[in-house]
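Read the structure below first, then the notes.
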Amino acid sequence: MAKEKRCVECGHKVKSLLIQYSPGNFRLMKCENCNEVADEYIECELMIIFIDLILHKTKAYRHLLYNVFTQETVYVQHLLWKLVLAYLLLDTYRSLLLRRTSDESSVPISFVLASLQVLVNVLSANFAFVLSFALASKIISIGASRGKEILLGIFISSYIKIFLFAMPVWEFPVSVIFIVDMLVLTSNAVALKVMTESTTSRCLAACFIAHSTKFLADQISGSRSLKHLGSVMYLPFLFRNL
């Protein structure tokens with residue numbers, strides 16, 4: 001995480017974002033580089049910041065990644081584990097949504113076996129995601145030395161996955177899941193660009209490689225697990241007939 005605050009306009013380091021005279025009485029500081037208010041989001045409501053994040057504004061991502069989540073406000077290791085757990089839970093929920101809407105398998109599978117299949121798929125797919133993202137970042141040369149901080153930024157910028165909870169409520173089609181996946185990819189790319197100050201094309205390339213690898217790993221793991229579970233469920237019928 002960032003050791004120093006950043007101007008949301010130009011990304012230049014600033015000593016402080018505001019001067020507080022008394023509780024509720026403060027003045028926003030200006031950036032020495034661009035002479036603009038360093039962080040205008042300090043006075044904004046949370047909903048405005050959230051909307052700007054959805055719109056992929058780099059200013060909002062600088063505010064979130066540099067001026068909110070800093071070494072002064074959070075302990076990186078604890079936050080990373082919490083975000084990993086939340087990320088895996090959201091991916092598990094996504095897999096369950098796809099399983100509910102998919103009619104590929106006609107084999108009755110128990111709840112325990114189905115849960116094990118989803119768990120294996122999610123873990124294997126995310127392992128492939130992290131590994132491919134690390135390799136892509138090293139090859140493209142975008143912040144490979146800041147692996148933990150960049151990975152934390154990727155997990156934070158995957159907040160769009162929370163929109164999956166609206167699917168059962170509003171009865172959205174299954175295609176919305178893949179739209180959310182695309183938004184997560186572009187959000188990761190913006191966060192990566194903000195944290196590494198690399199080009200947009202390189203950040204998009206790294207995120208595209210990682211998410212494509214994750215998708216392929218999920219498909220391969222899902223098909224293999226489905227065949228294995230189908231054979232396991234068929235064994236009792238086979239021995240019964242013998």
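For the stretch 1-16, filtering for residues that are charged (D, E, K, R) and at pLDDT 90 or above leaves 3.
Criterion first (out of contact with any Cys (no Cβ under 6 Å at 6 or more places or on another chain) and within 25 Å of V76 (Cβ to Cβ)) does L17 satisfy it? Criteria met by L17.
The residues on offer are V68, V14, and the sole one that is open to solvent by less than 50 Å² (accessible area, probe 1.4 Å) and either among the aliphatic types (A, V, I, L, M) or closer than 17 Å to F155 by Cβ (or both) is V14.
Taking F26 as the residue in question, decide whether it is open to solvent by 50 Å² or more (accessible area, probe 1.4 Å), among the aromatic types (F, W, Y) and part of a helix (DSSP H, G or I). Answer is no for this residue.
Restricted to the stretch 155-242, the set of helices (runs of 4 or more DSSP H) holding at least 3 residues that are modelled with pLDDT of 80 or more comprises 175-196, 200-241.
Annotation for the stretch 50-59: no member residue is charged (D, E, K, R) and assigned by the TED database to the domain that holds F127. When each of I19, I51 is tested for being in a strand (DSSP E or B), open to solvent by 20 Å² or more (accessible area, probe 1.4 Å) and either at pLDDT 90 or above or touching a strand residue (DSSP E or B) at 6+ places or on another chain (Cβ under 6 Å) (or both), the lone residue that passes is I19. Among all positions in the stretch 5-14, there is no residue which is on the phi < 0 side of the Ramachandran plot, without any contact (Cβ under 8 Å) to a residue 12 or more places away in the chain and in a loop (DSSP other than H, G, I, E, B).
The values are calculated or read from the model by the stated rules, or taken from the named source; none is laboratory data. On a predicted model such as this, the values are computed, not experimentally measured, just so you know. Here the Cβ is made from the backbone with ideal geometry for all residues, glycine too, and neighbour counts use every protein chain on show. Quick note on the areas: whole protein, heavy atoms, side chains included, nothing else; ligands and nucleic acids left out. Shrake-Rupley method; radii C 1.70, N 1.55, O 1.52, S 1.80 Å.
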